[in-house]
Structure formats: C-alpha cells, structure tokens
Amino acid sequence: MQVELPDGSKREVPDGATVADVAASIGRGLAKAAIAGKVNGKVVDVYTPVYDNAKIEIVTPKSEAGLDTIRHSTAHLMAMAVQELFPGTQVTIGPVIDNGFFYDFGTDRPFTDDDLRRIEEKMSEIVKRDLPVRREVVSRDEAIAMFEKLGEKYKVEIIKGIPGDEPLSVYHQGEWFDLCRGPHVPSTGRLGAFKLTSVAGAYWRGDEHNAMLQRIYGTAWADKDELSAYLTRIEEAHARDHRKLGKQLGLFMFSNFAPSMPVFLPKGAAIYNELVDFVRKFYLRDGYSEVVTPLIWDTEIFKISGHYDNYKDNMFFSEVDEREYGVKPMNCPGHTQIFAMERRSYRDLPIRYADFARLHRYERSGVTHGLVRVRSFAQDDAHLFVTDDQIESEIDRELRLIKEIYDIFDFKEVRIALSTRPEKRLGDDAMWDNAESALENALKKNGVEYHINPGEGAFYGPKLEFQVTDAIGRPWQLGTIQLDYALPERFQLRYIGADNAEHQPVMIHRAILGSIERFIGIIIEHFAGAFPLWLAPVQASVLPLSEKFLDYGRETAAKIRAAGLRVEMDDSNEKLGAKIRDAQLKKIPYMLVVGEKEVAAGTVSVRKRTGGEQLSMSIDEFVAEARRVIAGRSLTL
C-alpha cells in the first residue's frame with residue numbers, strides 16, 4: 001500500500017505496516033527518534049497500523065506533539081512510581097499543562113519534599129527498566145472491573161461518567177496500567193529529562209465539597225539540556241515573583257478582612273497613579289472623555305445587559321430599601337446610560353468614554369494569585385460608540401495606540417488572537433457574522449498577524465486579545481478590543497443619522513493595560529522590580545556620609561522633591577556601603593551621596609543603580625538629567 005509523507009511524496013509500505021515501520025523505511029535515524037506519529041493529523045502511538053493513502057508524519061521529541069507525548073507519558077511514569085512507593089494510593093487524572101504535567105492522587109498522607117525526591121529516584125529506576133508501553137482496547141464493563149479489582153474508586157467514577165458506549169483504552173507499562181486515550185512513548189526508556197517541581201492540595205473534580213487530593217506537578221523535556229534551560233528560567237521567574245518583590249519593595253499588601261483585594265502602600269500607589277496618568281495623556285491626545293461612574297447599580301441594569309444571566313456567579317450583591325443591587329464587574333452598562341442621557345446625532349460620533357472606576361468580581365479563592373488574579377481592581381477601560389462606517393478606522397487607531405504603549409514597556413513580541421462566538425451568547429448569527437468580519441477586516445487592513453481563538457469571545461461580541469511576552473519569555477494576556485452590537489440593541493441606544501432617521505450605534509469595548517493591578521504584577525516581574533525611572537516609586541535616595549551632613553541632605557532632598565521627583569533620604573547611622581546596599585536592594589535608580597566635598601561645592605555625587613562611573617553634579621544638573629530620562633520614558637538611566 002501507499003502512504004503520503006509531509007513533503008507530499010509517496011512511499012510504498014507493506015500491508016499492516018505501523019507508524020514505526022514507515023519511520024524505518026525513511027531512515028534508521030528517524031526510526032530511532034520516533035516516539036509517536038500523525039495519521040491524517042491525529043497523533044497516535046508508533047505501533048499504530050497505517051492504511052492506504054494515509055498522510056503520515058513522524059513525531060520526534062522536540063516537536064510540539066512530541067513534547068506533549070513525553071509529558072503525558074512522564075505523568076504515567078510518575079503515577080507508577082507513586083503507587084510502587086506508596087501502595088494504596090489511588091490515581092485520578094494526570095493531564096499535560098504548559099511546560100509540564102500534573103497528577104492528582106487520593107492518599108491519606110500529604111506528600112513531602114523528601115517524597116518528591118524518592119518518587120523522582122523511582123521514576124529514573126523505571127526508565128532504566130525500559131518497559132514497553134502498550135495500548136489495550138477494553139469494553140466499559142471490562143475497564144470498570146479492572147479498576148474495581150484494584151480499589152481505584154476515582155477511576156471507576158471517571159469511567160462511569162464518560163458519555164457514549166465506545167470501547168476505552170488502557171495503557172500498560174510492565175504490570176502497571178492506567179485508563180488513557182494516549183498516545184504514549186513506545187517504552188519508559190524513552191523518558192528521563194524530567195523534574196518534579198511542587199506538590200499542592202486539589203479538590204476532586206475541583207469541587208470544594210469533595211475529597212482533598214494531593215497534586216504533584218512536574219516538567220519533562222526532550223533532553224537534559226532543554227530541562228536545564230527550563231529550570232534556569234523557573235529560577236529566574238521565582239526571583240522575579242511579584243508577590244516576593246512586592247513585599248520586599250513595600251508596594252502592596254493583602255488583608256484577611258478583604259480577601260484577594262490588594263491594598264497599595266504609598267510606594268505601590270506611586271506606580272499605580274503614574275500608570276493612570278500615563279494612560280490619561282494618550283486619552284487627552286486621542287479625544288477620550290473621562291467619566292466617573294457608581295460602583296453599585298440596581299441589578300435591573302445587569303439584567304438588561306445580560307450580565308445577570310451570564311455573569312451572576314462572579315458578582316457581589318447587596319440589598320437596600322428592598323432593592324437588589326450589584327457591585328459592578330465592568331463599566332459598560334453604566335456607559336450606555338451616559339450615551340442614552342441625551343439625543344445624539346451622527347455628528348457627535350465617535351464618542352469615547354474612559355473610566356478608571358473600581359470593579360469587583362468574585363474569583364474563587366483557589367484561583368486568586370497575587371496581583372494577577374484579584375477580586376478588586378480597575379482597568380484602563382474605554383467604550384467607544386461609533387457608526388458602522390467608523391468601525392474600521394476606530395479599531396485601526398486602537399491597534400496603533402496599543403502598539404505604541406506596548407513598545408514603551410519593551411514588550412517585543414505581541415500575539416493577537418481573534419476570539420469568536422462562544423456557545424452561550426447574545427444575538428443572532430447575522431450579528432456575529434458582521435462583528436467578526438469587521439474585526440478580521442481591520443486586522444487584514446493593517447497587515448497584522450493573528451490567529452483564531454474559536455469560541456472564546458465575550459457573550460455579547462467577538463474580541464481581539466493581545467498577548468505580550470515579558471523579559472524572560474513568558475506570555476501574558478493584556479489588552480482587548482471587543483466589538484458589540486448586542487448591548488446597544490438591548491439598551492435601545494439610538495442616534496440620528498444624516499438621513500434624519502434613527503440608527504443604532506456600535507459599541508467598542510477597549511482596554512490596553514487591562515487590569516491596572518494585574519499590569520503592575522506583570523511589570524514587577526518584567527523589570528524584576530527595577531522600574532524605569534519614570535515609574536520607580538522612589539527615583540532618588542540622598543545618602544549623607546555622616547550625621548554632620550544631614551542638614552545638607554535634607555536641603556538637597558527638599559529641592560529635588562520641589563522639582564517634582566520622588567526622593568527619600570537615608571538618615572540612618574549606617575556606613576555609606578550599607579546605605580548603598582540598602583538602596584540597591586530597594587532598586588532605587590539614583591543614589592546621591594553627600595559629604596564634605598559636596599557641601600563645599602553645592603553638588604551631589606551621583607551613583608546609578610546600574611553601576612558605572614560616579615558623577616559630580618549640581619542639584620539643578622541632576623534634576624535636568626532625571627527629567628530628560630523621564631520625558632523619554634527611557635528604560636535605562
């Protein structure tokens with residue numbers, strides 16, 4: 001029979017040939033590297049038979065499909081090791097996740113760091129056994145019987161919950177086996193570049209009313225070099241963790257009286273306000289009107305907007321004077337009320353409302369995380385009311401604005417996704433066709449690369465989602481542009497067109513930084529706490545050599561503060577070296593040393609956070625230099 005290879009060439013193979021046989025017919029090196037295959041695009045085990053005219057691709061370890069196969073197989077390897085070490089432990093699920101995998105276990109005792117070390121050693125031992133990994137197809141009744149015999153109640157529950165009546169697959173490695181769709185590597189000997197990273201509690205099926213399980217996380221790679229590089233990146237990420245740096249730098253805190261609602265301390269508030277002022281300058285330039293709207297609205301407005309039906313589980317509620325109120329999770333319903341307050345003409349459009357109001361969303365405690373997933377936040381939120389003819393030009397302008405702002409933060413790689421209609425949505429298909437086409441046309445007109453994210457749009461309209469990559473290569477979701485025909489229709493918004501007839505405006509929802517709280521968490525890690533001068537909560541620290549120079553130090557700090565810079569003075573009794581180290585730990589951009597020479601000359605000795613030559617400057621010269629760096633939004637001093 002004949003199969004087709006990725007380059008379009010044809011190859012004759014014997015009847016009954018497997019993916020492995022096809023790899024061997026191409027070359028010994030490929031046969032040795034093969035860990036899985038693709039048959040007409042579906043990833044399968046290497047021993048899966050191929051069929052006439054099938055399109056075949058050999059999957060090797062460093063491909064995306066190869067890494068997924070390695071990580072899935074390593075999760076099984078870990079589960080086998082756990083059950084050999086801790087008999088009676090039950091297995092549940094073990095999926096592949098970004099850069100690794102996890103497996104949830106039912107056990108009466110929590111796993112310790114020493115347990116993780118022992119499990120890794122057992123995994124390496126099983127790798128050396130080079131056990132064949134083979135797939136067995138069984139009926140549902142057979143699968144239930146197999147796992148009931150082992151006392152695996154979670155697996156039995158999983159099997160009984162799988163819809164349909166198709167046979168199931170079980171993967172064996174030695175005497176150990178697990179329920180799985182696969183595919184897997186052909187033998188345990190093909191694994192080895194792995195590391196168990198952490199252990200945590202996890203409720204069965206994510207329900208807090210169910211049993212608490214033990215979840216072990218791990219990572220696996222094609223080879224030891226890739227594993228080592230990843231672990232180095234993880235160490236760097238830990239060093240940059242915004243929760244750790246936020247505490248070290250005195251930026252924010254959390255209180256048990258307001259769970260997952262950040263409190264910005266004075267230094268954190270300086271960054272917060274600087275970001276808001278930064279965005280406001282663009283608003284002024286681009287013709288936005290800033291509004292201030294209530295935090296609490298009668299729930300009737302959310303029923304009209306659709307949020308009550310579609311977002312109720314993520315909202316906070318209260319009752320006053322026998323009326324139900326909701327704490328707003330977003331600004332858009334309120335902005336419709338401003339548009340509707342007076343009769344509008346086509347000459348008024350586009351109207352651009354911006355709002356930095358507090359928003360509140362109920363996030364489950366298990367998913368909140370530092371500043372990047374909170375219950376209380378504000379956005380650089382804007383809603384544009386436009387005519388159909390203005391959609392492309394407004395989106396075009398927003399795309400340019402987003403790029404301009406991201407470039408300032410040195411986000412070099414920006415990926416754009418067009419998220420299309422979700423299953424649960426407002427409006428008819430014609431409305432969604434128009435909205436999705438408008439967004440896609442704007443992207444094409446600008447020559448912007450993008451990918452489709454099917455089913456991930458908002459319930460009221462499709463959206464563009466902007467993902468940036470930080471200084472150490474991690475992706476972060478930031479801005480959105482959402483096109484909405486539904487809310488103007490539900491609130492019966494109208495304007496008078498050039499034809500003197502009523503028309504319905506289109507609403508564009510837009511955020512660039514997104515949540516200010518989340519953005520601060522991201523840039524703490526992006527800059528490793530060493531903010532550029534314009535964002536630094538303390539831009540300069542005055543360091544008197546001794547108490548004899550405290551008065552001159554205070555005068556210096558006062559002059560710099562009067563010039564509009566954020567400055568503090570270290571009046572401790574520590575020696576200069578200790579003061580410099582303290583300022584460096586606080587990541588303060590400039591250290592201004594003052595002693596006898598500086599007092600006599602009326603100068604300061606300027607040391608930069610980044611090191612280099614120490615310069616003598618007058619206070620006015622230093623202020624001018626700092627202002628120059630700030631005005632240019634420079635990332636370096």
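Return a yes/no flag: does segment 132-151 have any residue that is in contact with a Ser or Thr (Cβ under 7 Å, 6 or more places away or on another chain) and exposed (fewer than 12 other Cβ atoms within 10 Å of the Cβ).
yes
Just one of the numbered conditions (1) closer than 29 Å to Leu231 by Cβ; (2) of a type outside the set (Val, Ile, Thr); (3) touching a helix residue (DSSP H, G or I) at 6+ places or on another chain (Cβ under 8 Å); (4) surrounded by 14 or more Cβ atoms within 10 Å (Cβ to Cβ) is not true of Leu67; which one?
Going through (1) closer than 29 Å to Leu231 by Cβ; (2) of a type outside the set (Val, Ile, Thr); (3) touching a helix residue (DSSP H, G or I) at 6+ places or on another chain (Cβ under 8 Å); (4) surrounded by 14 or more Cβ atoms within 10 Å (Cβ to Cβ) one by one, Leu67 breaks only (3).
Do we find a residue being in contact (Cβ under 8 Å) with a residue 24 or more places away in the chain, over 25 Å from Phe105 (Cα atoms), surrounded by fewer than 14 Cβ atoms within 10 Å (Cβ to Cβ) and under 30 Å from the mean Cα position of the chain (by Cα) anywhere in segment 195-206?
The answer is no; no qualifying residue exists.
Somewhere in segment 341-348, is a residue touching a residue at least 40 places away in the same chain (Cβ under 8 Å), surrounded by 15 or more Cβ atoms within 10 Å (Cβ to Cβ) and farther than 19 Å from Gly461 by Cα?
From segment 341-348, those touching a residue at least 40 places away in the same chain (Cβ under 8 Å) are 343-346, 348; that's our starting set.
Filter again for surrounded by 15 or more Cβ atoms within 10 Å (Cβ to Cβ), leaving 344, 346.
Still in the list and also farther than 19 Å from Gly461 by Cα: 344, 346.
Checking segment 341-348: at least one residue is touching a residue at least 40 places away in the same chain (Cβ under 8 Å), surrounded by 15 or more Cβ atoms within 10 Å (Cβ to Cβ) and farther than 19 Å from Gly461 by Cα.
Working only within segment 4-25, note down all residues that are of a type in the set (Val, Ile, Thr) and modelled with pLDDT under 90. Give the derivation first.
The first filter runs over segment 4-25 and keeps only residues of a type in the set (Val, Ile, Thr), leaving 13, 18-19, 22.
Across segment 4-25, the qualifying residue is only Val13.
Please go through segment 461-480 and give me each residue that is under 16 Å from Ala382 (Cβ atoms) and either over 17 Å from the mean Cα position of the chain (by Cα) or basic (Lys, Arg) (or both), ordered by number.
Gly461, Lys463
In segment 582-619, what count of residues is obtained for those that are part of a helix (DSSP H, G or I) and surrounded by fewer than 13 Cβ atoms within 10 Å (Cβ to Cβ)? Steps first, please.
Pass one, segment 582-619, residues part of a helix (DSSP H, G or I): 582-585, 596-601, 619.
After this cut, where a residue has to be surrounded by fewer than 13 Cβ atoms within 10 Å (Cβ to Cβ) as well, the list is 585, 596-597, 600-601.
Summing the residues that are part of a helix (DSSP H, G or I) and surrounded by fewer than 13 Cβ atoms within 10 Å (Cβ to Cβ) in segment 582-619 gives 5.
Condition test on Asp470, is it closer than 15 Å to Ser419 by Cβ, touching a residue at least 40 places away in the same chain (Cβ under 8 Å) and either in the same structural domain as Arg397 (by TED's automatic domain parsing) or buried (at least 21 other Cβ atoms within 10 Å of the Cβ) (or both)?
Details: closer than 15 Å to Ser419 by Cβ: no; touching a residue at least 40 places away in the same chain (Cβ under 8 Å): yes; either in the same structural domain as Arg397 (by TED's automatic domain parsing) or buried (at least 21 other Cβ atoms within 10 Å of the Cβ) (or both): yes.
No: the conditions fail for Asp470.
Looking only at segment 395-406, count how many residues are free of Cβ contacts under 8 Å to residues at least 40 places away in the same chain and either outside the structural domain of Asp484 (by TED's automatic domain parsing) or touching a helix residue (DSSP H, G or I) at 6+ places or on another chain (Cβ under 7 Å) (or both).
So the count comes out to 0.
Pairs under 8 Å by beta carbon, first residue closer than 27 Å to Ile523 by Cβ in segment 370-394, partner assigned to a helix (DSSP H, G or I) and small (Gly, Ala, Ser), six or more apart or different chains?
Qualifying pairs under 8 Å: Gly370/Gly246; Gly370/Gly521; Leu371/Gly246; Leu371/Gly521; Val372/Gly521.
Going through segment 501-516 one residue at a time, which ones are assigned to a helix (DSSP H, G or I) and under 23 Å from Gly473 (Cβ atoms)?
Within segment 501-516, the subset assigned to a helix (DSSP H, G or I) is 516.
Scanning segment 501-516 gives no hits.
What is the residue count in segment 457-502 for residues that are in contact with a strand residue (DSSP E or B) (Cβ under 7 Å, 6 or more places away or on another chain) and more than 16 Å from Asn434 (Cα to Cα)?
Within segment 457-502, the first condition is being in contact with a strand residue (DSSP E or B) (Cβ under 7 Å, 6 or more places away or on another chain), and the residues that meet it are 457-458, 460-470, 475-488, 494-497, 502.
Among the residues that remain, those that are also more than 16 Å from Asn434 (Cα to Cα) are: 465-470, 475-480, 494-497, 502.
Selection size over segment 457-502: 17.
The values are calculated or read from the model by the stated rules, or taken from the named source; none is laboratory data. As the structure is a prediction and not an experimental result, all values here were calculated from the model. Neighbour counts are summed over all protein chains in view; Cβ atoms, including those assigned to glycine, are modelled from backbone coordinates with ideal geometry.
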